[in-house]
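What follows is a single structure, written as C-alpha cells, with notes after it.
The values are calculated or read from the model by the stated rules, or taken from the named source; none is laboratory data. None of the values given here were measured: they were computed from a predicted structure. Neighbour counts run over all protein chains shown; Cβ positions are idealised from the backbone, glycine included.
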Amino acid sequence: MLNAFHAETQDNDEVTLIGVAVWDRPEDSLDFMRQYNLSFTNLFDQRGSVLIDYGVYGVPETYFIGPDGTLNGKYRGPLESADHIQELKDEFAAVASETASVSPGS
C-alpha cells in the first residue's frame, strides 16, 4: 500500500514519502525493504531523535509534514490503502491551510 501511494505520488512536488526505521538494526530494515520490494526512501533513526522530536506514541504512526517543515497532522495505527493516505493528506493539509489563514486576534 505504501508502494502504491509512492508510485502515485513520486512525480508530485507536493508529496515525498519517507519511511523512518526505529528500534531496528539497519541491516534488518534493509532486509525488510528488500523482502517486500519497498521503493520509497527509508531512513534509520539509530539515536531515537525522531521518536522524541515528533512525540511518537507507538508504531505504526504516519506524520504529514508541510513543505515548510510544519507538522500538519499525525495518524496512529495501520493505514488501509493508498486512497486512505491521500484522504488523510488532503484533510490535514486543509486544516493546516485554514489555520494559517486565520490571523491572530481575528
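Any residue that is closer than 17 Å to N12 by Cα, within 14 Å of the chain's Cα centre (by Cα) and surrounded by 14 or more Cβ atoms within 10 Å (Cβ to Cβ) - is there at least one of those in the range 72-83?
Yes - at least one qualifying residue is present in the range 72-83.
Looking at (1) in a loop (DSSP other than H, G, I, E, B); (2) hydrophobic (A, V, I, L, M, F, W, C); (3) over 27 Å from D90 (Cα atoms), which one does F32 not meet, given that it meets all the others?
Unmet condition: (1).
Got a sec? Which of E98, E80 is acidic (D, E) and without any contact (Cβ under 8 Å) to a residue 24 or more places away in the chain? I'd like the intermediate steps shown before the answer.
Numbers: E80 fails: without any contact (Cβ under 8 Å) to a residue 24 or more places away in the chain.
The unique qualifying residue is E98.
Return the total of residues in the range 53-67 being under 20 Å from M1 (Cβ atoms), modelled with pLDDT of 85 or more and not in a strand (DSSP E or B).
Qualifying residue count, the range 53-67: 1.
Could you tell me which numbered condition A4 fails, if it satisfies all but one of (1) free of Cβ contacts under 8 Å to residues at least 60 places away in the same chain; (2) surrounded by 11 or more Cβ atoms within 10 Å (Cβ to Cβ)?
In the conditions (1) free of Cβ contacts under 8 Å to residues at least 60 places away in the same chain; (2) surrounded by 11 or more Cβ atoms within 10 Å (Cβ to Cβ), A4 misses (1) alone.
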